[in-house]
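Worksheet: the structure to be examined is printed underneath.
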Protein chains: 2
Amino acid sequence: MRISELSARTGVTVPTIKYYLREGLLPEGERSAPTQAAYGERHVERLRVIRALLDAGVSIAETRRVLEALDAPSSRPHDLLGTAHAAVTPPVDEHLDLTDAERLVSGLGWRPGACDPAVLGDVARALAGLERAGFTVPEDVMPVYLASARAIADAEITGVPTDSAEAAVRYVVLGSVLVEPLLLALRRVAEQVASFERFGGAEH
Amino acid sequence: MRISELSARTGVTVPTIKYYLREGLLPEGERSAPTQAAYGERHVERLRVIRALLDAGVSIAETRRVLEALDAPSSRPHDLLGTAHAAVTPPVDEHLDLTDAERLVSGLGWRPGACDPAVLGDVARALAGLERAGFTVPEDVMPVYLASARAIADAEITGVPTDSAEAAVRYVVLGSVLVEPLLLALRRVAEQVASFERFGGAEH
């Protein structure tokens, strides 16, 4: 199909598609004439993934790295997950103290070598942010965070399809990154429900 | 203390402090001379909160609204939570279909009137993002998301301190917003641990 049809099919404007082509997010179409290229279903599919990542707040550079992970032909699920996480995580600053983060995630079953260090940096940065704000997670709440994170991950990883590498890749990379807004939204709703049950609404 | 000392105490540069003053994030100091103002402990404290919110990716406008919630003198925990969530959530677009979101969060104990509609919009946007990407959360994973969100919220809301309104406000507003990066980071680590246990590492 021509770029105009690709635009109509996906709802992404032609200038935006051209931008993604220039940025290397979308592979070139097949040259069908000197000024014309033909696009196929994989471009439709890829555009949906790009839009989803950008809509989820992933940057252009991070999206490019996630797509590279998706395209890596021989990637196995565990390596891919690390690549996908690293793609959406700032690199670990050498000044970042990982001690508290390591102690905390040992409660998740973490041990050295099982994780990409970037995710440990994420935990350390999150703890540092709380400390800077002077906010302490109560002692009996932290174990619930750890148990919930582990329960979520176990369910997700158990569900990784193993029938095709492509399906596994898609599930692991997109599932990890795109589900984040859903989890945060569900927590906010649950907080309001629990708070309503404990404290009552505005009219009481 | 003078602005230079406030800067030294908090590690926030003087031009940045002046920017926060202009933006109304930080209350003015007490005028001690025509060109000089005196700042106190509440400015130190407030600067830590501002930095924490901005570091967590909250925008200047959202930070201003969260701070307004923190400052509202007669706010009760449940109203505050709604205000804090609304402050960091885009308004609900009238074209947004909330049907699927309402059905999903009924599994959290949600019912009409218990929540600020903004959080429901968050769920709807997250679901729409997944749908656009063609990603379906597996049937046996979604109940784990709901149960985990509810377990987290129950622990958090049970822990709301009731001895002082100020402590409750601080806990609810900051806890909800600032803990998000920690939860996402813990999930990523847990995913890597679970994936390592199921699929093994790179060297196997």
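Does region A:1-48 hold any residues that are more than 28 Å from the chain's Cα centre (by Cα) and basic (Lys, Arg), and which are they? Let's see the steps before the verdict.
To start, the set of residues in region A:1-48 that are more than 28 Å from the chain's Cα centre (by Cα) comprises A:1-5, A:30-38.
The answer is A:Arg2, A:Arg31.
Residues to consider are A:Gly113, A:Gly82; find the one that is of a type outside the set (S, T, N, Q), at pLDDT below 80 and either part of a loop (DSSP other than H, G, I, E, B) or within 20 Å of A:Pro181 (Cβ to Cβ) (or both).
Numbers: A:Gly82 fails: either part of a loop (DSSP other than H, G, I, E, B) or within 20 Å of A:Pro181 (Cβ to Cβ) (or both).
Residue meeting the stated conditions: A:Gly113.
Restricted to region A:157-182, and to residues that are more than 7 Å from every other protein chain (Cβ to nearest Cβ) and of a type in the set (Gly, Ala, Ser), which residue is surrounded by the most Cβ atoms within 10 Å (Cβ to Cβ)?
A:Ala168
I'd like to check something: does region B:87-107 contain any residue that is surrounded by fewer than 22 Cβ atoms within 10 Å (Cβ to Cβ), at the interface with chain A (Cβ under 8 Å from one of its Cβ atoms), of a type outside the set (Phe, Trp, Tyr) and over 24 Å from A:Ile152 (Cβ atoms)?
no
Considering only region B:183-199, state which residues are buried (at least 23 other Cβ atoms within 10 Å of the Cβ) and either on the phi > 0 side of the Ramachandran plot or touching a Phe, Trp or Tyr at 6+ places or on another chain (Cβ under 7 Å) (or both).
B:Leu186, B:Val189, B:Val193
What is the number of the single condition among (1) facing chain B (nearest Cβ under 7 Å); (2) under 22 Å from the mean Cα position of the chain (by Cα); (3) aliphatic (A, V, I, L, M); (4) in a helix (DSSP H, G or I) that A:Ala124 does not meet?
Unmet for A:Ala124, out of (1) facing chain B (nearest Cβ under 7 Å); (2) under 22 Å from the mean Cα position of the chain (by Cα); (3) aliphatic (A, V, I, L, M); (4) in a helix (DSSP H, G or I): (1).
Identify all residues within region B:26-47 that are under 21 Å from B:Val179 (Cβ atoms) and buried (at least 17 other Cβ atoms within 10 Å of the Cβ); write none if there are none.
The first filter runs over region B:26-47 and keeps only residues under 21 Å from B:Val179 (Cβ atoms), leaving B:45-47.
Across region B:26-47, the qualifying residues are B:Arg46, B:Leu47.
Out of (1) in a helix (DSSP H, G or I); (2) over 17 Å from the mean Cα position of the chain (by Cα), the odd one out for A:Leu96 is which?
Of (1) in a helix (DSSP H, G or I); (2) over 17 Å from the mean Cα position of the chain (by Cα), only one is false for A:Leu96: (1).
Determine the pairs where a residue that is in contact (Cβ under 8 Å) with a residue 40 or more places away in the chain, located within region B:133-151, has a partner that is surrounded by fewer than 18 Cβ atoms within 10 Å (Cβ to Cβ) and of a type outside the set (S, T, N, Q) with Cβ atoms under 8 Å apart, the partner being 6 or more residues away or on another chain.
B:Leu146/B:Gly107; B:Arg150/B:Gly109
Considering only region B:129-156, state which residues are facing chain A (nearest Cβ under 7 Å), under 14 Å from A:Leu182 (Cα atoms) and in a helix (DSSP H, G or I).
Selection gives B:Gly129, B:Leu130, B:Arg132, B:Val144, B:Tyr145, B:Leu146, B:Ser148, B:Ala149, B:Arg150.
Among the residues that make up region A:138-156, is at least one of them more than 20 Å from B:Ala155 (Cα to Cα) and surrounded by 22 or more Cβ atoms within 10 Å (Cβ to Cβ)? Full working, then the answer.
The initial filter retains those residues of region A:138-156 that are more than 20 Å from B:Ala155 (Cα to Cα), namely A:154-156.
So of that shortlist, the ones also surrounded by 22 or more Cβ atoms within 10 Å (Cβ to Cβ) come out as A:156.
For region A:138-156, residues more than 20 Å from B:Ala155 (Cα to Cα) and surrounded by 22 or more Cβ atoms within 10 Å (Cβ to Cβ): present.
On the basis of being at negative phi, surrounded by 20 or more Cβ atoms within 10 Å (Cβ to Cβ) and either within 7 Å of chain B (Cβ to nearest Cβ) or of a type in the set (Val, Ile, Thr) (or both), does A:Ala69 make the cut? Give the steps one after another, and end with the answer.
Working: at negative phi: yes; surrounded by 20 or more Cβ atoms within 10 Å (Cβ to Cβ): yes; either within 7 Å of chain B (Cβ to nearest Cβ) or of a type in the set (Val, Ile, Thr) (or both): no.
It is false that A:Ala69 is at negative phi, surrounded by 20 or more Cβ atoms within 10 Å (Cβ to Cβ) and either within 7 Å of chain B (Cβ to nearest Cβ) or of a type in the set (Val, Ile, Thr) (or both).
The values are calculated or read from the model by the stated rules, or taken from the named source; none is laboratory data. Because the structure is a prediction, the values reported are computed rather than measured. Using ideal geometry, Cβ is built from the backbone for each residue, glycine included, and neighbour counts are taken over all protein chains shown.
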